[in-house]
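The values are calculated or read from the model by the stated rules, or taken from the named source; none is laboratory data. All figures in this text were calculated on a predicted structure; none of them were measured in a lab. Cβ: placed from backbone, ideal geometry, glycine included. Neighbour counts: every protein chain shown.
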Amino acid sequence: MKKYTISVISGDGIGPEVVNSAISCIDAVSHKFNFSIKWEKVPAGEEALNEYGSLLPEETLTSIKKNKVALKGPITTPLGKGFRSVNVDLRKKLELFANLRPSKNIPGVKSRFSNVNLIVIRENTEDLYSGIEFKDTSQLSKKLIHLVENNSSLKIPKGSAIALKTISKSATKRIAEFAFLYAQKNKRKKITIIHKSNILKYTDGLFVSESENVSKKFNSIICDNLVVDNACSKLVSRPELFDILLCPNLYGDIISDLCSGLVGGLGVSPSANIGNKAAVFEPVHGSAPKHSGLNDVNPSAAILSGAMLLNHLNQTAASKALELAVYSVLKEKTHVTYDINPKAPASTTEMTNAIIQKIKKVKK
Ligand code: NAD
């Protein structure tokens, strides 16, 4: 019997509730498909801060590097205390350069659109998001303004705060190759490169040209490109036209949330952060502190993240079975949480148990 060890970050707020649900469902499906998972719980977030004085202790990174795969719950970002986001830190320290966010219609989940089945693949390491930002009063801002004005005809208002947008050939090639290989493996037909290269000729221009270079090696996959504002307009009018959207970091952040909204929201949106050395799977939603301990939130996003994790481990049949079990419970609407059926909501535990019952009935 194949055995895996997977790191688990339970997270804050509703994190432990939805992560425990996901673990129970993954255990049920692994039993059915003859493999086993040892879950290695590691600290991060508020609990880790109290115990280890760090939101992301070294032992957590060591565990994920060793096991190469982790399931993660959402983590509260403490406000106004100068802490960096654990999520940004994890991505940087584990070089998780690709963020994957599928958005598709699920029967039973109310949505304005039908036939949506798209995936946002977002570059995770650079762009305006790389955190190269200088305060309006800093010496570096002043020096940068001086440098630009002395070496070009460009003008920057004095006292400006400045952020740098960096797009490199190497990071673009890496994410584009990831996207095309993903499309090939998952039988996707089209990749649309999202950009604003009419204005940002050098940065977004490089993102487009380098991605198009990579596309030449993948003749069977259609590659086109779309300016980000036009893409947003099309997404909220005809989202069924899209297949894979390949985005630089900032547009990807915004567009992926927009796409979650297209298909019914946070309770059912899974995600993955993938690098060459490790991969971390997590629901898109946050720690929803108001719901913490109430046993009332939807575990689907965490469980579907678990299905993505199983697919990553090449346990394709188990991944599909887990996904279908979630879809089947959502479609029946008799054991679903408040966000899906506000009139007769089930608890997180009841919904999880209904999904486990479906898994037990799977015919292999
Ligand atoms: P949130 O996603 O936690 O909650 C917003 C609202 O969405 C909730 O009040 C709830 O009504 C609903 N919701 C969220 N998850 C749900 C679920 N599974 N089922 C049903 N309803 C659900 O967003 P927020 O309130 O902006 O953020 C709270 C905290 O989470 C913040 O500290 C934020 O930084 C953090 N956060 C963490 C992550 C992460 O770790 N990946 C992601 C987003 C936000």
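A compact table of results
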| item | result |
| --- | --- |
| Looking only at the range 45-72, and only at residues there that are at positive phi and modelled with pLDDT under 95, the one that is surrounded by the fewest Cβ atoms within 10 Å (Cβ to Cβ) | Gly53 |
| Selected residue (criterion: modelled with the highest pLDDT) from residues of the range 255-270 that are on the phi < 0 side of the Ramachandran plot and within 8 Å of the ligand (Cβ to nearest atom) | Gly267 |
| Any chance Ala346 is without any contact (Cβ under 8 Å) to a residue 40 or more places away in the chain, hydrophobic (A, V, I, L, M, F, W, C) and more than 15 Å from the ligand (Cβ to nearest atom) | no |
| Of the criteria (1) of a type outside the set (A, V, I, L, M, F, W, C); (2) under 23 Å from Thr172 (Cα atoms); (3) touching a residue at least 12 places away in the same chain (Cβ under 8 Å); (4) not in a strand (DSSP E or B), which one Ser209 fails | (3) |
| Single unsatisfied condition, Lys143 versus (1) more than 28 Å from Cys259 (Cα to Cα); (2) touching a Leu at 6+ places or on another chain (Cβ under 7 Å) | (2) |
| Test: residue in the range 73-92 that is surrounded by 14 or more Cβ atoms within 10 Å (Cβ to Cβ), part of a loop (DSSP other than H, G, I, E, B), assigned by TED's automatic domain parsing to the domain that holds Ala22 and more than 16 Å from the ligand (Cβ to nearest atom) | no |
| Within the range 330-364, tally of residues that are in contact with a Lys or Arg (Cβ under 8 Å, 6 or more places away or on another chain) and under 25 Å from Gly13 (Cβ atoms) | 2 |
| Residue match in the range 144-162 (condition: at pLDDT 95 or above and in a strand (DSSP E or B)) | yes |
| For Tyr182: the one exception among (1) assigned to a helix (DSSP H, G or I); (2) free of Cβ contacts under 8 Å to residues at least 24 places away in the same chain; (3) within 23 Å of the chain's Cα centre (by Cα) | (2) |
| Exclusive hit being in a strand (DSSP E or B) and of a type in the set (D, E, K, R), set Arg101, Arg112 | Arg101 |
| Subset of the range 116-146 (residues that are assigned by TED's automatic domain parsing to the domain that holds Lys187 and farther than 25 Å from Asp204 by Cα) | Val116, Asn117 |
| In the range 252-275, the residues that are hydroxyl-bearing (Ser, Thr, Tyr) and assigned to a helix (DSSP H, G or I) | Ser256, Ser260 |
| Condition met for Tyr327 (out of contact with any helix residue (DSSP H, G or I) (no Cβ under 8 Å at 6 or more places or on another chain), surrounded by fewer than 18 Cβ atoms within 10 Å (Cβ to Cβ), more than 26 Å from Ala44 (Cβ to Cβ) and not aliphatic (A, V, I, L, M)) | no |
| Count - residues of the range 286-330 that are touching a residue at least 12 places away in the same chain (Cβ under 8 Å) and either of a type in the set (S, T, N, Q) or within 10 Å of the ligand (Cβ to nearest atom) (or both) | 18 |
| Leu245 in a strand (DSSP E or B) and not assigned by TED's automatic domain parsing to the domain that holds His312 | yes |
| Pro107 vs. criteria of a type outside the set (A, V, I, L, M, F, W, C), more than 30 Å from Ala161 (Cβ to Cβ) and touching a Lys or Arg at 6+ places or on another chain (Cβ under 8 Å) | yes |
